[in-house]
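Participant: Below is one structure. I have some questions about it.
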Amino acid sequence: MLTLTILGSGKVAHHLIANILDSDQLQLQQIYARNTNSVPDMVPESSVVHSIDQLQPADIFIIAVSDIAIEEVSKHIHLADQFVVHTSGTIPMSAISQERKGVMYMLQSFTKEKDVDFSAIPFCIEANHAKDFQMLEQIAVCFSERVYKISSKQRKAIHLAAVFVNNFANHMFTLGEEVCKEHQVPFEILKPLIAETANKIMELSPVEAQTGPASRGDQNTIKQHLELLTDPTKKEIYQLITKSIQNR
């Protein structure tokens, strides 16, 4: 059974810990957390340490902290010959100071309050030694059916694409909800459309699935929409995205 130590207690760490504890192939060795209140209740108190110096060797150390803290946390791990990985989508593998290093990036949006099906999450992994990559792959397949060998450069591009399809798309939902509220329309009326939009690209390419006034060159509808928008920022976003669609 492979032993894993988690450094961090945020959203990614929370879900990793829960899934390690549910696994019959992985063992949670220790958790390093500065804030004890953020450690999941299911974790035995004896497994939690508050100083990196208290960490014992494990098959793998997983740094699941904010991007700006990864390098600093890595520098404070003084155990010899320890395999250390981080979970960031944008930070290169080289940010880890240990000679044995890697990355295990889970391509999903996490919140502590909502359970996530790990088996469906793409795991993007890399390591600088073949044996360590094999171990990391062995760990990743315990979590997910979708494991990919992805370089730091590729991972950065994936993270950028994810910002467009997840973070920016969600912001569009926010703007749509604000338009609904402004005109006393329940946002729930748009949810079947949102679901169909997401489902459609499981079978079609996004370009093929594109609909709406911009894609069909309906200038009259576009003009009416712009007249309806009173917020300059929303109007600018509408015009920019319309132009982007029409330039495809």
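The values are calculated or read from the model by the stated rules, or taken from the named source; none is laboratory data. Predicted model only: the values in this text are computed from it and were never measured. Backbone-built Cβ (ideal geometry, glycine too); neighbour counts: all protein chains shown.
Participant: Restricting segment 218-248 to residues that are hydrophobic (A, V, I, L, M, F, W, C) and surrounded by 13 or more Cβ atoms within 10 Å (Cβ to Cβ), which is farthest from Gly176 (Cα to Cα)?
Facilitator: Ile245
Participant: For segment 30-45, name all the residues that are of a type in the set (Val, Ile, Thr) and modelled with pLDDT under 75.
Facilitator: The answer is Thr36, Val39, Val43.
Participant: Sort through Asp132, Asp53 and tell me the only one that's surrounded by 15 or more Cβ atoms within 10 Å (Cβ to Cβ), acidic (Asp, Glu) and more than 16 Å from the chain's Cα centre (by Cα). Spell out the reasoning first.
Facilitator: Numbers: Asp53 fails: surrounded by 15 or more Cβ atoms within 10 Å (Cβ to Cβ).
Result of the check over Asp132, Asp53: Asp132.
Participant: Here is a follow-up. Determine if segment 64-76 includes at least one residue that is of a type in the set (Ser, Thr, Tyr) and either surrounded by 15 or more Cβ atoms within 10 Å (Cβ to Cβ) or in a loop (DSSP other than H, G, I, E, B) (or both).
Facilitator: Among the residues of segment 64-76, at least one is of a type in the set (Ser, Thr, Tyr) and either surrounded by 15 or more Cβ atoms within 10 Å (Cβ to Cβ) or in a loop (DSSP other than H, G, I, E, B) (or both), which makes the answer yes.
Participant: OK, next. Among the residues of segment 212-248, what is the count of those that are part of a loop (DSSP other than H, G, I, E, B), modelled with pLDDT of 95 or more and within 30 Å of the chain's Cα centre (by Cα)?
Facilitator: Residues that pass the stated criteria total 1.
Participant: Moving on to the next point. Would you check if there is a residue in segment 125-147 being assigned to a helix (DSSP H, G or I) and among the aromatic types (Phe, Trp, Tyr)?
Facilitator: Yes - at least one qualifying residue is present in segment 125-147.
Participant: How about segment 77-124: which of its residues are of a type outside the set (A, V, I, L, M), over 13 Å from the mean Cα position of the chain (by Cα) and not in a loop (DSSP other than H, G, I, E, B)?
Facilitator: Ser94, Lys101, Gly102, Ser119 - these are the residues of segment 77-124 that are of a type outside the set (A, V, I, L, M), over 13 Å from the mean Cα position of the chain (by Cα) and not in a loop (DSSP other than H, G, I, E, B).
Participant: Turning to a different aspect of this structure: Give the residue that is farthest from Asn247 (Cα to Cα), with candidates limited to residues of segment 177-202 that are surrounded by fewer than 12 Cβ atoms within 10 Å (Cβ to Cβ) and acidic (Asp, Glu).
Facilitator: Selected residue: Glu188.
Participant: Would you call Ala169 touching a helix residue (DSSP H, G or I) at 6+ places or on another chain (Cβ under 6 Å), outside the structural domain of Leu107 (by TED's automatic domain parsing) and within 26 Å of Leu107 (Cβ to Cβ)?
Facilitator: For Ala169, the condition - touching a helix residue (DSSP H, G or I) at 6+ places or on another chain (Cβ under 6 Å), outside the structural domain of Leu107 (by TED's automatic domain parsing) and within 26 Å of Leu107 (Cβ to Cβ) - is not met.
Participant: Out of (1) surrounded by 13 or more Cβ atoms within 10 Å (Cβ to Cβ); (2) at pLDDT 95 or above; (3) hydroxyl-bearing (Ser, Thr, Tyr), the odd one out for Thr174 is which?
Facilitator: Evaluating Thr174 over (1) surrounded by 13 or more Cβ atoms within 10 Å (Cβ to Cβ); (2) at pLDDT 95 or above; (3) hydroxyl-bearing (Ser, Thr, Tyr) leaves (1) as the failure.
Participant: Right, here's the next one. Quick test for you: out of Ser94, Ser88, pick the one residue that is buried (at least 17 other Cβ atoms within 10 Å of the Cβ), assigned by TED's automatic domain parsing to the domain that holds Phe143 and at pLDDT 90 or above.
Facilitator: Only one candidate qualifies: Ser88.
Participant: Now for a different question. What is the residue count in segment 17-29 for residues that are in contact with a Ser or Thr (Cβ under 9 Å, 6 or more places away or on another chain) and in contact (Cβ under 8 Å) with a residue 60 or more places away in the chain?
Facilitator: 1
Participant: Among the numbered criteria (1) free of Cβ contacts under 8 Å to residues at least 40 places away in the same chain; (2) under 30 Å from Arg100 (Cα atoms), which single criterion is violated by Leu136?
Facilitator: Just one mismatch for Leu136, condition (1).
Participant: Given the options Ser215, Ser205, name the one that is exposed (fewer than 10 other Cβ atoms within 10 Å of the Cβ), closer than 20 Å to Arg248 by Cα and outside the structural domain of Gly89 (by TED's automatic domain parsing).
Facilitator: Ser205
Participant: Within segment 185-208, how many residues turn out to be more than 20 Å from Thr174 (Cβ to Cβ), in a helix (DSSP H, G or I) and under 25 Å from the mean Cα position of the chain (by Cα)? So that I can check it myself, show each step before the final result.
Facilitator: To start, the set of residues in segment 185-208 that are more than 20 Å from Thr174 (Cβ to Cβ) comprises 199-208.
Of the ones still in play, those that are also in a helix (DSSP H, G or I) are 199-200, 206-208.
If we keep only those that are under 25 Å from the mean Cα position of the chain (by Cα) as well, we get 199-200, 206-207.
Total satisfying the criteria: 4.
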